[in-house]
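Before I ask anything, let me first share the structure, which is written out below as structure tokens.
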Amino acid sequence: MAPALCFMKRRSVRQGTLAVLLLLATSGCATSVNRYALIDQSLMAGDPSRAATIIEKAKDEYGSESRVLYEMDRGLVLHLAGDYQASNDVLEQAKDEVEKLYTRHLTTETKAFLTHDAKQPYEGAPYERTMINVIKALNYAAMQNWTEALVEARQIDDRLNVLADRTSQKYGYRDDAFARYLSGILFEIAGELNDAFIAYRKAYEEYRHVGSWSHVSVPASLKEDLLRVTDALHLTDEHEAYKKEFPNVVWRPAGETKTLGQIVVISYNGRSPHKDDMFIDAPVSLDALNLVILSKTMGNGQYSNPNRRAVDSVLYGLNGHVVRVAIPTVVAQKTQVAYGQVKAVGSSGTYTATTQLVQNFTTLAERTLSDQLPGIAVKAVARAVVKYGMAEGVGRGAHAAAGKDTGPLVGIIVGSLAKAWAVASEEADKRSWRTLPDEIQIARLWVPAGDYQIQMQSTSRQGGIAGRESSRTISIRGGEARVMTERVVP
Amino acid sequence: MPERRRRASLGTSSVVMVLMGLSLLAGCAKETKVTRIDPGVVTDLSGRWNDTDSQQVAETMVKEALSYPWLDNYVKAKGRQPVVVVGTIVNRSHEHINTQTFVTDLQRELSNSQKVTFVAGKGEREEIREERREQAVHAREETQKSAGKELGADYMMKGNISTILDETDGTKAVFYQVDLEMIDLESNVKSWYGQKKIKKVVERKRMLF
């Protein structure tokens, strides 16, 4: 510890200047934290339109590299605000951008390699790209435009088929049970029973396939759907097999449900997980090892704090023998909601249903990151080595250029600055679609034709009331369907 | 020494000129460029269903529909041209296709063929009936058009557009199939069934320098 302290005293004057420069280099992440805090506040206050305005005002902060992220964030809050057409327009742009980003540009790749991964254009995680289609499908469904909703369902099928071909991990994210399930619901509403059966079956298989890491079990309503649709299609073998698999499931035949109105409630619960930096500081000398230990002891491991990171960068830059590698980590923000109770109160009676978990974004984000981590780590280490080598070269070059008298001093200053920049500029790509919820739950209920007041109240994991009760009035005819969404924030 | 100084000054002035030239070029560059082209020119930009597909399919299929024997048989039997209405064209594809433009293309081709009498579709009829109702209240009596004189269609042309996609890294094959049928409104007999297929391959480069 002593040599490191001594080292710090000798260079205390230069620290001030460096700290200012490096604070500027590390302050970018603070704005996105503030932005999402404001968005969360608006959503919690039940004002998604305000959240949309916050995002629109922050368009420049997102930057050209995060245009897709801007569109995804905005598209989702517009969806929550009930501005379905605007949401579709924005998400269609996001979809087009993602398609264009298939072609990578060498200059962009090089820039990202020499600074950090967040300099790469954001194309979204595979599950986020699927969610673009899902939200669009829900927008069309909310507008009761089933033809266009089915276009999205077909695109989901194509996207997931391509994903399965591309993904080598047998148990990773290579299909999307919820997206399949929603597609099945939409196909069934539109009367395309055969397509509905295929989608339901794929959803059922995927829920079972990834249940060990997704922590989402097969929804009870999906079992009912499989029994109903196989019966309606006279698929006797499949129907009997499902009957054996789900002996206790009570289901209504299609002949009965098609005369009733169908209400589908999609509940977005909680806030999506976000990402943070995990820095690995590798000392390449004994002196540097002491410094790293000292820095961690003094609490400089609080990486989300830009001031702390700037101090780290100054110290490591001055020492000149510390290589920093940044890896993203997922920070869960688990929802307090256990389930929601949906009540349809009409003149013919009161009908109830309980929401069931169908999508868990926290486990999806964790799984996706764990699948991508080997690639991210290799790239981060390679980048750190290149940056260190470049900083060394810059210091030596400055030494030689300044001549005999001032050369050593200039070399030390320039070298220290370059190494401090190498440490300060190292940052993991922490971008993710943060307006998504933590979980999606779904409830389906069939009611006789008539006017209804639809009420929904969520219950917390502790058994108390979660969020506020929502209420709306609808009029539904036999054979019709209504898809509605709810956002429950805690 | 003077020679070296001259070379140095030449070098400096060249750099300044190149920089000036570049700044001038940058000033001239426009973000948007508009070029007028013949509407008949094929413009395949994204590989999606476009105006060329809509026009070509409508033209080919209507020509085909009107070349089949059902038309002559009808004219011989009834002594007049059949009255045709265009019904719904269902989009069963992977794309958000504006089927209304395709319906308009079909209507134009049918109308211009002069081989069938073409009547307004469901949506348009509502508007025209509303106009007649307004005439009955507001227009001079001799100019009012009376109700109950519409020409009922003998056939309805309807169909769907569907797609099959096959995709792997960077390459996508899109197969469009347009199915149209002419249905006798009295007997539900499908008098004609036509099919047009379009296949496109869209390739994307993974890396650009």
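The values are calculated or read from the model by the stated rules, or taken from the named source; none is laboratory data. This one's a predicted model, so the numbers in the text were calculated from it and none came from an experiment. Note: ideal-geometry Cβ built from the backbone for every residue, glycine included; neighbour counts use all protein chains shown. Each accessible area value is taken on the protein alone, full model and side chains, heavy atoms only, with ligands, DNA and RNA left out. Shrake-Rupley method; radii C 1.70, N 1.55, O 1.52, S 1.80 Å.
Report yes if B:ASN50 is open to solvent by less than 70 Å² (accessible area, probe 1.4 Å) and either more than 14 Å from chain A (Cβ to nearest Cβ) or among the hydrophobic types (A, V, I, L, M, F, W, C) (or both), otherwise no. Quick ask: steps written out before the conclusion?
Details: open to solvent by less than 70 Å² (accessible area, probe 1.4 Å): yes; either more than 14 Å from chain A (Cβ to nearest Cβ) or among the hydrophobic types (A, V, I, L, M, F, W, C) (or both): yes.
Against the criterion (open to solvent by less than 70 Å² (accessible area, probe 1.4 Å) and either more than 14 Å from chain A (Cβ to nearest Cβ) or among the hydrophobic types (A, V, I, L, M, F, W, C) (or both)), B:ASN50 qualifies.
Of everything in the stretch A:56-102 that's outside any helix (DSSP H, G or I) and either open to solvent by 30 Å² or more (accessible area, probe 1.4 Å) or under 17 Å from A:TYR127 (Cα atoms) (or both), which residue is nearest to the other protein chains (Cβ to nearest Cβ)?
Here the answer is A:TYR102.
Can you tell me which condition A:GLU205 does not meet? The list is (1) open to solvent by less than 60 Å² (accessible area, probe 1.4 Å); (2) modelled with pLDDT of 95 or more; (3) farther than 21 Å from B:ASN91 by Cβ, and all the others hold.
The one condition A:GLU205 does not meet is (1).
State whether the residues of the stretch B:38-47 include one that is closer than 25 Å to B:GLU186 by Cα, open to solvent by less than 20 Å² (accessible area, probe 1.4 Å) and either more than 14 Å from chain A (Cβ to nearest Cβ) or in contact (Cβ under 8 Å) with a residue 40 or more places away in the chain (or both). Let's see the steps before the verdict.
Just the residues of the stretch B:38-47 that are closer than 25 Å to B:GLU186 by Cα, to begin with: none.
Looking for residues that are closer than 25 Å to B:GLU186 by Cα, open to solvent by less than 20 Å² (accessible area, probe 1.4 Å) and either more than 14 Å from chain A (Cβ to nearest Cβ) or in contact (Cβ under 8 Å) with a residue 40 or more places away in the chain (or both), one finds none in the stretch B:38-47, hence no.
At positive phi and without any contact (Cβ under 8 Å) to a residue 24 or more places away in the chain - does that describe any residue in the stretch A:182-195? Spell out how you get there, then give the answer.
Looking only at the stretch A:182-195, we keep the residues that are at positive phi, and these are A:191.
Checking the rest, the ones that are also without any contact (Cβ under 8 Å) to a residue 24 or more places away in the chain come to A:191.
Within the stretch A:182-195 (the criterion being at positive phi and without any contact (Cβ under 8 Å) to a residue 24 or more places away in the chain), the answer is yes, since at least one residue qualifies.
Ok, one more. If I filter the stretch B:68-126 down to residues being of a type in the set (Ser, Thr, Tyr) and away from every other protein chain (no Cβ under 14 Å), which single residue comes out as farthest from B:ALA153 (Cα to Cα)?
Looking only at the stretch B:68-126, we keep the residues that are of a type in the set (Ser, Thr, Tyr), and these are B:68, B:74, B:88, B:93, B:99, B:101, B:104, B:111, B:113, B:117.
Subsequent filtering for residues that are away from every other protein chain (no Cβ under 14 Å) retains B:68, B:74, B:101, B:104, B:111, B:113, B:117.
Details: B:TYR68: 19, B:TYR74: 13, B:THR101: 21, B:THR104: 17, B:SER111: 14, B:SER113: 17, B:THR117: 9 Å.
Step by step, filter the stretch B:68-126, then rank; the result is B:THR101.
Can you find a residue in the stretch A:362-369 that is open to solvent by 20 Å² or more (accessible area, probe 1.4 Å), part of a helix (DSSP H, G or I) and modelled with pLDDT of 80 or more?
Of the residues in the stretch A:362-369, the ones open to solvent by 20 Å² or more (accessible area, probe 1.4 Å) are A:366-367.
Narrowing further to those that are part of a helix (DSSP H, G or I): A:366-367.
Keeping just the survivors that are modelled with pLDDT of 80 or more gives A:366-367.
Yes, there is a match, as at least one residue in the stretch A:362-369 is open to solvent by 20 Å² or more (accessible area, probe 1.4 Å), part of a helix (DSSP H, G or I) and modelled with pLDDT of 80 or more.
Within the stretch A:335-353, work out how many residues are within 26 Å of the chain's Cα centre (by Cα) and in a strand (DSSP E or B). Full working, then the answer.
We begin by selecting, within the stretch A:335-353, every residue within 26 Å of the chain's Cα centre (by Cα); these are A:335-340.
Okay, now just the ones that are also in a strand (DSSP E or B), so A:337-340.
Going through the stretch A:335-353 one residue at a time, the tally reaches 4.
Can you tell me how many residues in the stretch B:104-118 are open to solvent by 40 Å² or more (accessible area, probe 1.4 Å) and under 9 Å from B:GLN81 (Cβ atoms)?
As a first pass, look at the stretch B:104-118 and keep what is open to solvent by 40 Å² or more (accessible area, probe 1.4 Å): B:104, B:108, B:111-112, B:114-115, B:117-118.
So of that shortlist, the ones also under 9 Å from B:GLN81 (Cβ atoms) come out as B:114-115, B:117.
Summing the residues that are open to solvent by 40 Å² or more (accessible area, probe 1.4 Å) and under 9 Å from B:GLN81 (Cβ atoms) in the stretch B:104-118 gives 3.
Okay, moving on. Every residue in the stretch A:103-144 that is within 11 Å of another protein chain (Cβ to nearest Cβ) and in contact (Cβ under 8 Å) with a residue 12 or more places away in the chain, please.
Selection gives A:THR108, A:ASN133, A:LYS136, A:TYR140.
Can you find even one residue in the stretch B:122-130 that is within 23 Å of the chain's Cα centre (by Cα) and surrounded by 12 or more Cβ atoms within 10 Å (Cβ to Cβ)?
Initially, the stretch B:122-130 is screened for residues within 23 Å of the chain's Cα centre (by Cα), giving B:122-125.
Now drop any that are not surrounded by 12 or more Cβ atoms within 10 Å (Cβ to Cβ), which leaves B:124-125.
Checked the stretch B:122-130: at least one residue is within 23 Å of the chain's Cα centre (by Cα) and surrounded by 12 or more Cβ atoms within 10 Å (Cβ to Cβ).
From the list B:ALA153, B:ALA136, which residue is open to solvent by less than 50 Å² (accessible area, probe 1.4 Å) and at pLDDT 90 or above? Give the derivation first.
On the way: B:ALA136 fails: open to solvent by less than 50 Å² (accessible area, probe 1.4 Å).
Among B:ALA153, B:ALA136, only B:ALA153 is open to solvent by less than 50 Å² (accessible area, probe 1.4 Å) and at pLDDT 90 or above.
Now a separate question. Of everything in the stretch A:462-489 that's in contact with a Lys or Arg (Cβ under 9 Å, 6 or more places away or on another chain) and closer than 10 Å to A:VAL337 by Cβ, which residue is modelled with the lowest pLDDT?
Ranking the candidates gives A:VAL489 first.
For the stretch B:198-206, does any single residue satisfy the condition of being at pLDDT below 95, open to solvent by less than 80 Å² (accessible area, probe 1.4 Å), part of a strand (DSSP E or B) and within 13 Å of chain A (Cβ to nearest Cβ)?
Checking the stretch B:198-206: at least one residue is at pLDDT below 95, open to solvent by less than 80 Å² (accessible area, probe 1.4 Å), part of a strand (DSSP E or B) and within 13 Å of chain A (Cβ to nearest Cβ).
Can you list residue pairs whose Cβ atoms sit under 9 Å apart, with the first residue in the stretch B:151-169 being over 30 Å from A:VAL162 (Cβ atoms) and the second being polar (S, T, N, Q)? Count only pairs 6 or more apart in sequence or on different chains.
Short answer, once both residue conditions are applied: B:LEU151/B:THR117; B:ALA153/B:THR117; B:ASP154/B:THR117; B:TYR155/B:SER191; B:LYS158/B:THR88.
A further question on this structure: Restricting to the stretch A:231-257, give me the number of residues that are under 25 Å from A:ARG482 (Cβ atoms) and assigned to a helix (DSSP H, G or I).
Pass one, the stretch A:231-257, residues under 25 Å from A:ARG482 (Cβ atoms): A:231-233, A:249-257.
In the following step, the residues that additionally are assigned to a helix (DSSP H, G or I) were identified as A:231-232, A:254-257.
So the answer is 6.
Go through the stretch A:159-170 and give me each residue that's surrounded by fewer than 18 Cβ atoms within 10 Å (Cβ to Cβ) and within 10 Å of chain B (Cβ to nearest Cβ). First the steps, then the outcome.
At the first step, the residues of the stretch A:159-170 found to be surrounded by fewer than 18 Cβ atoms within 10 Å (Cβ to Cβ) are A:161-162, A:164-170.
If the condition is that a residue be surrounded by fewer than 18 Cβ atoms within 10 Å (Cβ to Cβ) and within 10 Å of chain B (Cβ to nearest Cβ), then A:ASN161, A:VAL162, A:ASP165, A:ARG166 are the ones that fit.
Give me the residue from the stretch B:161-188 that is open to solvent by less than 80 Å² (accessible area, probe 1.4 Å) and assigned to a loop (DSSP other than H, G, I, E, B) and, out of that set, farthest from the other protein chains (Cβ to nearest Cβ).
Let us first name the residues in the stretch B:161-188 that are open to solvent by less than 80 Å² (accessible area, probe 1.4 Å), namely B:161-163, B:165, B:167, B:170-184, B:187.
With the extra rule that they be assigned to a loop (DSSP other than H, G, I, E, B), the set shrinks to B:170, B:187.
Details: B:GLY170: 7, B:SER187: 25 Å.
The residue in question is B:SER187.
Any idea which of (1) farther than 18 Å from A:LYS95 by Cβ; (2) within 11 Å of another protein chain (Cβ to nearest Cβ) is the one A:GLY184 doesn't satisfy?
Condition (2) is where A:GLY184 drops out.
Only one of A:ALA118, A:ALA179 is part of a helix (DSSP H, G or I), at pLDDT 95 or above and within 23 Å of the chain's Cα centre (by Cα); which? Outline the logic, then answer.
Details: A:ALA118 fails: at pLDDT 95 or above.
Step by step, each of A:ALA118, A:ALA179 is checked, and only A:ALA179 is part of a helix (DSSP H, G or I), at pLDDT 95 or above and within 23 Å of the chain's Cα centre (by Cα).
Which condition breaks for A:LYS404 when tested against (1) open to solvent by 30 Å² or more (accessible area, probe 1.4 Å); (2) basic (Lys, Arg); (3) within 30 Å of A:ASN133 (Cβ to Cβ); (4) not in a loop (DSSP other than H, G, I, E, B)?
(3)
Against the definition (buried (at least 18 other Cβ atoms within 10 Å of the Cβ), of a type outside the set (Val, Ile, Thr) and either in contact (Cβ under 8 Å) with a residue 12 or more places away in the chain or under 18 Å from A:ASP165 (Cα atoms) (or both)), how does B:TYR193 come out, yes or no? Steps first, please.
Numbers: buried (at least 18 other Cβ atoms within 10 Å of the Cβ): no; of a type outside the set (Val, Ile, Thr): yes; either in contact (Cβ under 8 Å) with a residue 12 or more places away in the chain or under 18 Å from A:ASP165 (Cα atoms) (or both): yes.
No: the conditions fail for B:TYR193.
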